[in-house]
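The values are calculated or read from the model by the stated rules, or taken from the named source; none is laboratory data. Because the structure is a prediction, the values reported are computed rather than measured. Cβ placement follows ideal geometry from the backbone for every residue including glycine, while neighbour counts extend to all protein chains displayed. Note: areas computed on protein heavy atoms with side chains; ligands, DNA, RNA excluded. Shrake-Rupley method; radii C 1.70, N 1.55, O 1.52, S 1.80 Å.
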Amino acid sequence: EITSLLSLYGGQFSGEQEICVNSPFWILNIPSEEMARGLMKRTVCAKSIFELWGHGRSAEELYVSLKNYPMDKMLPYLQSDSTYKVHIHTFNKTLTQAQKIKKIDALEFLPFKGRVNLKNPEHIFWILEDYGMDPNNVPEEPFHLYFGRWIADGQRELIESYSVKKRHFIGNTSMDACLSFIMANHGRVKPNDVVYDPFVGTGGLLISSAHFGAYVCGTDIDYNTIHGLGKASRKNQKWRGPDENIRANLRQYGLEKYYLDALVSDSSRPIWRKGMLFDAIITDPPYGIREATRRMGSHKETVKSAERSTESHIFVSSSYHLSDIFFDLLKFAAEYLVMGGRLVYWLPIYRPEYTEEIIPRHPCLKLISNCEQMLSSHTSRRLITMEKVKEFKDQDQNSCLLDGQYTPYRGHNSFREKYFSGVTKRIAKEEKDNQK
């Protein structure tokens with residue numbers, strides 16, 4: 001998420017520090033404080049950002065680093081007519097108040113001239129200490145120390161304010177608010193973008209994109225869900241109310257002006273005319289567990305189910321293999337995304353058999369990131385982010401990556417078909433075992 005936002009707002013990871021997944025503190029190079037604030041207005045993963053004045057692997061190293069920090073950068077925040085306070089945050093360790101005061105007093109060599117104000121200071125300074133990630137093996141001294149001026153907090157409060165528990169219209173698989181915002185950030189959604197979800201469901205992924213100022217739309221094969229009909233997913237509620245729909249969800253958060261529409265449509269048969277381009281496609285395809293994998297069929301085909309809504313709307317559905325869902329999605333993204341637009345989607349994984357070769361590819365799309373969310377010891381899902389880097393041509397119509405070469409995927413992908421069939425069955429079995 002941070003990497004995507006850095007590419008949107010400017011900045012990069014510091015050359016002296018690689019991305020360290022085992023540390024809660026990262027050092028970034030950002031050209032301006034304004035850009036730093038812009039980044040923090042988007043992120044739900046990062047808690048705060050600071051202007052780094054000094055750091056080291058020991059208290060002595062930290063003090064030397066602070067003494068070498070340019071005085072002209074410090075002085076604007078240390079004036080006699082200003083107020084300040086110093087806050088201490090320790091990761092993986094709790095300090096007593098006496099220990100905190102001792103550490104603050106050790107910074108007396110800094111030329112603070114202002115008055116201390118603990119309730120409403122103009123400037124807040126932080127001492128950050130990293131005691132590692134193992135709660136069972138906490139060292140006496142921190143592995144790393146940082147000192148800096150607080151600039152801004154992230155958007156962690158969005159997780160609570162957009163909680164699915166408080167949402168007007170939900171379904172069995174409504175996306176968690178935190179993950180929804182992370183997906184929008186992976187997609188680099190920005191104001192006036194047009195964002196599309198081909199498996200829109202109850203529209204949870206549209207809400208986060210609309211919050212960032214994008215115009216949103218979606219399609220789904222389920223007539224009842226799109227029209228807010230049928231059985232409710234909420235406990236102690238049998239049927240959906242008259243105003244339970246996607247538009248009502250956006251209205252709930254004051255985002256209705258960004259809502260374009262939601263249509264009943266089969267994702268395997270795109271309804272959009274040529275030249276209809278989206279800035280981002282953000283979606284959570286059905287895995288065939290709690291939500292069925294379906295596409296429009298024909299009365300001449302072997303019919304798996306015929307479903308009737310409360311409006312007497314009938315359609316015939318046929319089987320839609322999980323591997324075909326993902327390859328149809330990639331083909332659609334390659335054709336309908338703007339150049340540089342992003343596709344963000346979830347891919348279910350059976351961990352003991354997982355290899356990177358399983359991830360569907362397309363010659364027009366570049367894999368940007370592949371992040372894992374653990375579901376159980378054996379199953380997980382991966383958040384795949386891809387970016388359009390090549391114009392879609394007729395020869396790309398049915399291409400996918402297979403054994404290092406792009407080939408027509410239908411009929412040539414038995415390995416992936418068997419893998420995804422196994423994933424669906426195993427995840428379904430684990431869910432049933434958990435329910436028992």
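Numerical summary
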{"read-out": "Enumeration of residues in the stretch 365-385 that are modelled with pLDDT under 95, farther than 15 Å from LEU322 by Cβ and surrounded by 17 or more Cβ atoms within 10 Å (Cβ to Cβ)", "value": "SER380"}
{"read-out": "Close pairs (9 angstrom Cβ cut-off, 6 or more residues apart or separate chains): assigned to a helix (DSSP H, G or I) in the stretch 148-161, hydroxyl-bearing (Ser, Thr, Tyr) anywhere", "value": "LEU158/SER208; SER161/TYR253"}
{"read-out": "Where VAL338 falls short, out of the listed (1) β-branched (Val, Ile, Thr); (2) more than 29 Å from LYS432 (Cβ to Cβ); (3) modelled with pLDDT under 95", "value": "(3)"}
{"read-out": "Residues of the stretch 52-70 satisfying the condition of being exposed (fewer than 15 other Cβ atoms within 10 Å of the Cβ), of a type outside the set (Gly, Ala, Ser) and touching a residue at least 24 places away in the same chain (Cβ under 8 Å)", "value": "ARG57, GLU61, LYS67"}
{"read-out": "Qualifying residue in the stretch 262-285 (condition: over 26 Å from PHE327 (Cα atoms), within 23 Å of the chain's Cα centre (by Cα) and surrounded by 20 or more Cβ atoms within 10 Å (Cβ to Cβ))", "value": "no"}
{"read-out": "Test: residue in the stretch 101-116 that is assigned to a strand (DSSP E or B), of a type in the set (Phe, Trp, Tyr) and either in the same structural domain as ILE27 (by the TED database) or open to solvent by less than 70 Å² (accessible area, probe 1.4 Å) (or both)", "value": "no"}
{"read-out": "Residue pairs meeting the criteria (Cβ under 9 Å; at least 6 apart or on separate chains; first closer than 19 Å to TYR345 by Cβ, in the stretch 1-15; second of a type in the set (Phe, Trp, Tyr) and open to solvent by 30 Å² or more (accessible area, probe 1.4 Å))", "value": "THR3/PHE13"}
{"read-out": "Search result, residues across the stretch 117-136 that are basic (Lys, Arg) and open to solvent by less than 80 Å² (accessible area, probe 1.4 Å)", "value": "none"}
{"read-out": "Unique residue being touching a strand residue (DSSP E or B) at 6+ places or on another chain (Cβ under 6 Å), surrounded by fewer than 22 Cβ atoms within 10 Å (Cβ to Cβ), under 22 Å from GLY341 (Cα atoms) and in contact (Cβ under 8 Å) with a residue 24 or more places away in the chain when the list is VAL200, VAL194, VAL216", "value": "VAL194"}
{"read-out": "Of residues in the stretch 355-373 being in contact (Cβ under 8 Å) with a residue 24 or more places away in the chain and assigned to a loop (DSSP other than H, G, I, E, B), the one nearest to PHE332 (Cα to Cα)", "value": "CYS364"}
{"read-out": "Residue check for LEU402: at pLDDT below 90, in the same structural domain as SER209 (by the TED database) and open to solvent by less than 70 Å² (accessible area, probe 1.4 Å)", "value": "yes"}
{"read-out": "Residues (among the small types (Gly, Ala, Ser) and either outside any strand (DSSP E or B) or on the phi > 0 side of the Ramachandran plot (or both)) located in the stretch 39-53", "value": "ALA46"}
{"read-out": "Residue check for LYS390: at pLDDT 90 or above and surrounded by 14 or more Cβ atoms within 10 Å (Cβ to Cβ)", "value": "no"}
{"read-out": "Extreme residue, farthest from MET133 (Cα to Cα), among residues of the stretch 86-100 that are part of a loop (DSSP other than H, G, I, E, B) and open to solvent by 70 Å² or more (accessible area, probe 1.4 Å)", "value": "THR96"}
{"read-out": "Condition broken by PRO139, with the remaining ones in (1) open to solvent by 20 Å² or more (accessible area, probe 1.4 Å); (2) closer than 30 Å to LEU263 by Cα; (3) not aromatic (Phe, Trp, Tyr) satisfied", "value": "(2)"}
{"read-out": "Index of the failed condition, LYS41 passing every other in (1) closer than 23 Å to LEU179 by Cα; (2) open to solvent by less than 50 Å² (accessible area, probe 1.4 Å)", "value": "(2)"}
{"read-out": "Search result, residues across the stretch 179-222 that are farther than 16 Å from ALA248 by Cβ and of a type in the set (Val, Ile, Thr)", "value": "ILE182, VAL189, VAL194, VAL195, THR219, ILE221"}
{"read-out": "The stretch 23-38 - residue that is assigned to a loop (DSSP other than H, G, I, E, B) and either polar (S, T, N, Q) or outside the structural domain of LEU78 (by the TED database) (or both) and, of those, most open to solvent (accessible area, probe 1.4 Å)", "value": "SER32"}
